[in-house]
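> So that we are looking at the same thing, I have put the structure below in structure tokens.
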Amino acid sequence: MKPQRKIRLPFTMLLLLLILSPLIAAQKESKSKKDDKAKEENLPAEVWRDPGDVSALDLLYGPGRKEHAPDPNGVFTFVSEDMNGTSPKFDVTDDKGVQWRVKLGEEPQSETAATRFLWATGYFADEDYFLADIKVQGLPKLRRGEDMVSGDGTVHSARLKRHNKNIKKLGTWDWFHNQCGTPRQLNGLRVMMAFVNNWDLKDINNSLEEADGQRRCVVTDVGASFGKTGNTIVRSKSVENDYVDSKFIGKVTADHVDFVLHSRPFILTVFDLPNYRTRTQMENVTRHIPRDDARWLGQRLAPLSVEQIHDGFRAAGYTPEEVEGYTRAVQARISELNAL
């Protein structure tokens, strides 16, 4: 009996080893991939680049410039509907084969304008254009946004974001733990969120991208701008009077500035604790910013002429009265920054 036991034990161990080895190897490989991904996500990325002569920038066409603008008289072909996010969206191609993402609802105008000012101050921004009307072939009945479509396939008040096949999305980044640019550059972006009253600062709206061999941090959804910040009851998007009447700077100390950005939900929604916590934390994005960094951002905005600011809002299809109201408010905020 003893010799038999000696034979069975090694055989059993060998069998277990054969079974477990692939599992152990797979676990090690999975851990290695996770470690590599974590290291990749922690690599430094650019958040700002020198825009050059700011006074010479064309805010009517923005980062995509005139040569990338969609043809307002062209015909677009429907590709697919996107059900992500809160705004109605769908993809189209134009007659040159360029793909565009069309956004409808409350955000097309405010997002188009916001990208102009982010780009003018040196921050990366999407190539967004606003068209009052576009004709879309093969457009089915949309699950969202159908009330913005006429029977002949004409879509009204649309933001078109140009698809750049050279940009690869790597993931997202958050405001509090990242390696995006220098502290001053990132602080400048934090100020810009208050400058345009962007109250939707979720991580999902922040894209970590790779383009032309460069990693970069981009705020890719800035549609919740140029209105009033606040909870779900009072906040707004793309409402000129709300933007004009809102306060910009909340508190100034010898060294730091708190900019006004309200995002804490209505108290009765506290039962949704994760959302309540996330929305409350967003208010810290625009707080405790060094005065020197806020003033640095103001210096980036100062060269913009009245005509350029007008163009930033004209590009978004605002009425002449709205353009004037927004322009006066933007000028006032630039002056506040440079007076710090």
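> From VAL285, VAL257, VAL330, VAL252, which residue is within 30 Å of HIS156 (Cβ to Cβ), touching a residue at least 12 places away in the same chain (Cβ under 8 Å) and of a type in the set (Val, Ile, Thr)?
Numbers: VAL285 fails: within 30 Å of HIS156 (Cβ to Cβ); VAL257 fails: within 30 Å of HIS156 (Cβ to Cβ); VAL252 fails: within 30 Å of HIS156 (Cβ to Cβ).
Of the residues listed, the single one that is within 30 Å of HIS156 (Cβ to Cβ), touching a residue at least 12 places away in the same chain (Cβ under 8 Å) and of a type in the set (Val, Ile, Thr) is VAL330.
> Let me ask something else about it. What is the one condition in (1) aliphatic (A, V, I, L, M); (2) closer than 24 Å to ALA125 by Cβ; (3) open to solvent by 70 Å² or more (accessible area, probe 1.4 Å) that ILE233 does not satisfy?
(2)
> A further question on this structure: Only one of (1) modelled with pLDDT of 95 or more; (2) open to solvent by 40 Å² or more (accessible area, probe 1.4 Å); (3) under 21 Å from the mean Cα position of the chain (by Cα) is not met by ARG291, so which one is it?
(3)
> Follow-up question, since we're still on this one. Can you name the residue in the stretch 236-247 that is crowded, with 16+ Cβ neighbours inside 10 Å and farther than 17 Å from THR86 by Cβ and is also nearest to the chain's Cα centre (by Cα) among such residues?
First, the residues of the stretch 236-247 that are crowded, with 16+ Cβ neighbours inside 10 Å: 236-240, 242-244, 246.
Remaining after also requiring farther than 17 Å from THR86 by Cβ: 240, 242-244, 246.
Working: GLU240: 21, ASP242: 21, TYR243: 19, VAL244: 23, SER246: 22 Å.
Among them, the one singled out is TYR243.
> Only one residue in VAL102, VAL191 is modelled with pLDDT of 95 or more, farther than 19 Å from GLY85 by Cα and either open to solvent by less than 10 Å² (accessible area, probe 1.4 Å) or among the acidic types (Asp, Glu) (or both). Which one? Break it down into steps so the answer makes sense when it comes.
Numbers: VAL102 fails: farther than 19 Å from GLY85 by Cα.
Unique residue meeting the criteria: VAL191.
> Here's a follow-up. Sort out which residues of the stretch 131-167 are over 16 Å from the mean Cα position of the chain (by Cα), closer than 20 Å to SER80 by Cα and in a strand (DSSP E or B), and write them in order of number. It would help to see each step written out before you state the result.
First, the residues of the stretch 131-167 that are over 16 Å from the mean Cα position of the chain (by Cα): 131-158, 165-166.
Checking the rest, the ones that are also closer than 20 Å to SER80 by Cα come to 131, 133-158, 165.
LEU131, ASP133, ILE134, LYS135, VAL136, GLN137, VAL149, THR154, VAL155, HIS156, SER157, ALA158 - these are the residues of the stretch 131-167 that are over 16 Å from the mean Cα position of the chain (by Cα), closer than 20 Å to SER80 by Cα and in a strand (DSSP E or B).
> Right, something else. How about the stretch 201-215: which of its residues are at pLDDT 95 or above and open to solvent by 20 Å² or more (accessible area, probe 1.4 Å)?
GLU210, ARG215 - these are the residues of the stretch 201-215 that are at pLDDT 95 or above and open to solvent by 20 Å² or more (accessible area, probe 1.4 Å).
Let's see how each residue does on (1) surrounded by fewer than 18 Cβ atoms within 10 Å (Cβ to Cβ); (2) out of contact with any Pro (no Cβ under 7 Å at 6 or more places or on another chain); (3) of a type outside the set (Asp, Glu):
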| site | (1), (2), (3) |
| --- | --- |
| ASN73 | yes, yes, yes |
| PHE76 | no, yes, yes |
| GLY85 | yes, yes, yes |
| ASP91 | yes, yes, no |
| ALA113 | no, yes, yes |
| ALA120 | no, no, yes |
| ALA125 | no, no, yes |
| GLU146 | yes, yes, no |
| GLY151 | yes, yes, yes |
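> Still on this structure, I have one more. Taking the stretch 60-79 as the region of interest, how many residues are touching a residue at least 60 places away in the same chain (Cβ under 8 Å) and on the phi > 0 side of the Ramachandran plot?
Looking only at that region, the number is 1.
> Step by step: first the residues of the stretch 297-310, then only those that are over 22 Å from the mean Cα position of the chain (by Cα) and in a helix (DSSP H, G or I), then the one that is nearest to VAL323 (Cα to Cα). Which residue is that? So that I can check it myself, show each step before the final result.
Of all residues in the stretch 297-310, those over 22 Å from the mean Cα position of the chain (by Cα) come to 299, 302-308, 310.
Narrowing further to those that are in a helix (DSSP H, G or I): 299, 306-308, 310.
Numbers: GLN299: 23, VAL306: 11, GLU307: 11, GLN308: 11, HIS310: 6 Å.
Per the criteria, the residue is HIS310.
> Six or more apart or on different chains, Cβ under 7 Å: which pairs go from a residue in the stretch 109-138 that's farther than 17 Å from ARG162 by Cβ to one that's in a loop (DSSP other than H, G, I, E, B) and at pLDDT below 95? Could you list them?
Hits for this filter: LYS135/GLY153; GLN137/GLY153.
The values are calculated or read from the model by the stated rules, or taken from the named source; none is laboratory data. Predicted model only: the values in this text are computed from it and were never measured. Neighbour counts run over all protein chains shown; Cβ positions are idealised from the backbone, glycine included. All accessible areas refer to the heavy atoms of the entire protein, side chains included, with ligands and DNA or RNA removed. Shrake-Rupley method; radii C 1.70, N 1.55, O 1.52, S 1.80 Å.
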